[in-house]
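Have a look at the structure below, then the notes.
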Amino acid sequence: MLDARGIIAALRDGRGLPGDAAGWFADGLASGDVTDAQGGAFAMAVFLNGLTEAERVGLTLAMRDSGQVMEWNLPGPVVDKHSTGGIGDCTSLLLAPALAACGAYVPMISGRGLGHTGGTLDKLEAIPGYRTNISTEDLHHLVADVGCAIVGATGDIAPADRRLYGIRDVTGTVESIDLITASILSKKLAAGLQALVLDVKVGSGAFMKTMDRAEALARSLVRTAEGAGCRCAALITDMNQPLATSAGNALEVIEAMDTMTGNAVNQALWDVTVALGAEALVLGGLASNVDDGADQLDEALSSGRAAEAFGRMVAALGGPTDFVERYPDRLPAARVTRDVPAPRGGYVTEIDTEALGHAVVHLGGGRLKGGDRINPSVGLSDLMPIGEPLAAGEAIARVHAASEADADRAAAAVLAAFRIGAEDPDEPPLIHDRITL
């Protein structure tokens, strides 16, 4: 007979995790029969000894099946994208409606900011009236009608993961690739996906700072998703500098809308969105190859069809019906704005991107502790990219703050995060690698 002590002891002693043990433990986490202490011991045993590929698939499916698993009956593929988190990464806002415009259906269950990284739900909640908390029944109707919906997970989605996630946060086991994989995929697979594209960030602003770690996570995610029956591919994309020129909730929505409407296209944001979307269209059977998929995504964005889908989604979720036409007026603005001048001339040679994320959090654009309220208007904009030539005194960023004191602290943090040198550096590539089976 299975019990928590026996399962933990087997993992501790390197005897592994049979499929039935994973199911028993996930059910116990969801029901409360497994204690926090047992959950912590389980997580530490996995952290120290690891799981085989089959065991990782088994744990992922067990955590998925601990709650509701959505089913769809739609005339096109159900696809999604997941990012491991970065700064100025607002691709989801462009990608979900662009995929919908290409015939895919996208139930994008997203998360909030974590640590120094921004959260898609926090960005969307900068839009007045936008509801991220809806029932699974409403999600079904909205996706069928609009083609996409970006919302939060209900309490019925992967409850075992929700419990284990909190335990990992206080037991020093967050970094386990096995547990990261099971956590990400249990929630995504509970949405009933047929295909998933992953954006694994690497660099100074990512959780994975090195290519070795990023590749290990990407391969684990792709192999586990495929083993669980979901077609999957991953791109390893750069986070040695912000993807957008803005970091902060309303500011990133504005930049995404500027790009989606053609008012002021951020080419890096466009290119990463198209690359991810092309993979998703191929996986979903809507494109013959990535070049075909990229052409479809380019057309959906440049024609305005993606922006139209985004507007319908916003209106359906309680936001303004004229958001696409009047988004600059519909989003909150900070009380204080201030340019941050470069202390010397030269080139931007390096950016501590994580430090920029922390600056946004301390401005009030993220949470320092659970329950903190977010100020959607604050953040950074006009961030200079690596390789940009600068004159002394030229602005390297603009701070958007709630007070002069907050602006002072953020400006000092921004200055400390930028390295300016005499030689023009090599710019990091947007996409470092592509991982498929």
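The values are calculated or read from the model by the stated rules, or taken from the named source; none is laboratory data. It should be emphasised that the depicted structure is a prediction, and the values quoted were computed from it without experimental measurement. Cβ placement follows ideal geometry from the backbone for every residue including glycine, while neighbour counts extend to all protein chains displayed. What goes into the accessible areas is simple: the full protein's heavy atoms, side chains included, and nothing from ligands, DNA or RNA. Shrake-Rupley method; radii C 1.70, N 1.55, O 1.52, S 1.80 Å.
Some points to look at:
- Hey, Ala287 open to solvent by 20 Å² or more (accessible area, probe 1.4 Å) and either of a type in the set (A, V, I, L, M, F, W, C) or at pLDDT below 95 (or both) or not: no
- Flag if Glu388 is at pLDDT below 95, in contact with a Phe, Trp or Tyr (Cβ under 8 Å, 6 or more places away or on another chain), open to solvent by 30 Å² or more (accessible area, probe 1.4 Å) and under 22 Å from Glu354 (Cβ atoms): yes
- Inter-residue pairs, beta-carbon under 7 Å, first touching a residue at least 24 places away in the same chain (Cβ under 8 Å) and of a type outside the set (Gly, Ala, Ser) and in the range 155-167, second part of a helix (DSSP H, G or I) and open to solvent by 50 Å² or more (accessible area, probe 1.4 Å), 6+ apart: Ile157/Lys187; Asp161/Lys187; Ile167/Asp36
- Flag for Gly85 being in a loop (DSSP other than H, G, I, E, B), modelled with pLDDT under 95, touching a Leu at 6+ places or on another chain (Cβ under 8 Å) and within 30 Å of Ala41 (Cβ to Cβ): yes
- Number of positions in the range 1-16 that are under 18 Å from Ala54 (Cβ atoms) and either open to solvent by 80 Å² or more (accessible area, probe 1.4 Å) or assigned to a helix (DSSP H, G or I) (or both): 4
- Within this structure, Val414 passes the test of being among the aliphatic types (A, V, I, L, M) and under 19 Å from Met239 (Cα atoms).
- The residues on offer are Ala264, Ala228, Ala216, Ala206, and the sole one that is farther than 20 Å from Leu99 by Cα, out of contact with any strand residue (DSSP E or B) (no Cβ under 6 Å at 6 or more places or on another chain) and modelled with pLDDT under 95 is Ala206.
For (1) over 26 Å from Asp271 (Cα atoms); (2) open to solvent by 70 Å² or more (accessible area, probe 1.4 Å), each residue gets a yes or a no:
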{"site": "Ala397", "(1), (2)": "no, no"}
{"site": "Ser403", "(1), (2)": "yes, no"}
{"site": "Asp406", "(1), (2)": "yes, no"}
{"site": "Ala411", "(1), (2)": "yes, no"}
{"site": "Phe418", "(1), (2)": "no, no"}
{"site": "Glu423", "(1), (2)": "yes, yes"}
{"site": "Asp426", "(1), (2)": "no, yes"}
{"site": "Pro429", "(1), (2)": "no, no"}
{"site": "Ile435", "(1), (2)": "no, no"}
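- Ser302 vs. criteria open to solvent by 60 Å² or more (accessible area, probe 1.4 Å), over 21 Å from the mean Cα position of the chain (by Cα) and over 27 Å from Leu437 (Cβ atoms): yes
- When restricted to residues that are surrounded by fewer than 24 Cβ atoms within 10 Å (Cβ to Cβ) and among the basic types (Lys, Arg), the range 172-192 contains 1.
- Annotation note: Cβ proximity below 6 Å between a residue of the range 32-47 that is under 19 Å from Ala158 (Cα atoms) and open to solvent by 40 Å² or more (accessible area, probe 1.4 Å) and a residue that is at pLDDT 95 or above and among the small types (Gly, Ala, Ser) (sequence gap 6+ or interchain) occurs for Gln38/Ala4.
- Where helices (runs of 4 or more DSSP H) fall entirely within the range 121-226, those with at least 1 residues that are within 18 Å of the chain's Cα centre (by Cα) and either farther than 26 Å from Pro376 by Cα or among the acidic types (Asp, Glu) (or both) are at 159-169, 177-190.
- Reported count of residues in the range 17-28, each being surrounded by 15 or more Cβ atoms within 10 Å (Cβ to Cβ) and closer than 27 Å to Ala216 by Cα, is 7.
- Screening Gln296 on (1) assigned to a helix (DSSP H, G or I); (2) of a type in the set (S, T, N, Q); (3) within 26 Å of Ile127 (Cβ to Cβ); (4) open to solvent by 30 Å² or more (accessible area, probe 1.4 Å) shows it passes everything except condition (3).
- From Gly129, Gly76, residue being in contact (Cβ under 8 Å) with a residue 60 or more places away in the chain and over 20 Å from Leu189 (Cβ atoms): Gly129
Rundown of residues vs (1) in contact with a strand residue (DSSP E or B) (Cβ under 9 Å, 6 or more places away or on another chain); (2) under 30 Å from Asp212 (Cα atoms); (3) not polar (S, T, N, Q), yes/no style:
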{"residue": "Arg338", "(1), (2), (3)": "yes, no, yes"}
{"residue": "Pro341", "(1), (2), (3)": "yes, no, yes"}
{"residue": "Gly346", "(1), (2), (3)": "yes, no, yes"}
{"residue": "Gly366", "(1), (2), (3)": "yes, yes, yes"}
{"residue": "Gly387", "(1), (2), (3)": "yes, yes, yes"}
{"residue": "Ala416", "(1), (2), (3)": "no, yes, yes"}
{"residue": "Gly421", "(1), (2), (3)": "yes, yes, yes"}
{"residue": "Ile431", "(1), (2), (3)": "yes, yes, yes"}
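- Breaking point among (1) touching a Gly at 6+ places or on another chain (Cβ under 6 Å); (2) at positive phi, for Gly203: (1)
- Leu356 vs. criteria assigned to a helix (DSSP H, G or I) and in contact (Cβ under 8 Å) with a residue 60 or more places away in the chain: yes
- Candidate set: the range 404-437, residues that are touching a residue at least 24 places away in the same chain (Cβ under 8 Å) and over 29 Å from the mean Cα position of the chain (by Cα); chosen: the one nearest to Asp89 (Cα to Cα): Ile420
- Within the range 221-245, the residues that satisfy the criterion of being open to solvent by 10 Å² or more (accessible area, probe 1.4 Å), closer than 25 Å to Pro428 by Cα and in contact with a Ser or Thr (Cβ under 8 Å, 6 or more places away or on another chain) are Asn240, Gln241, Pro242, Leu243, Thr245.
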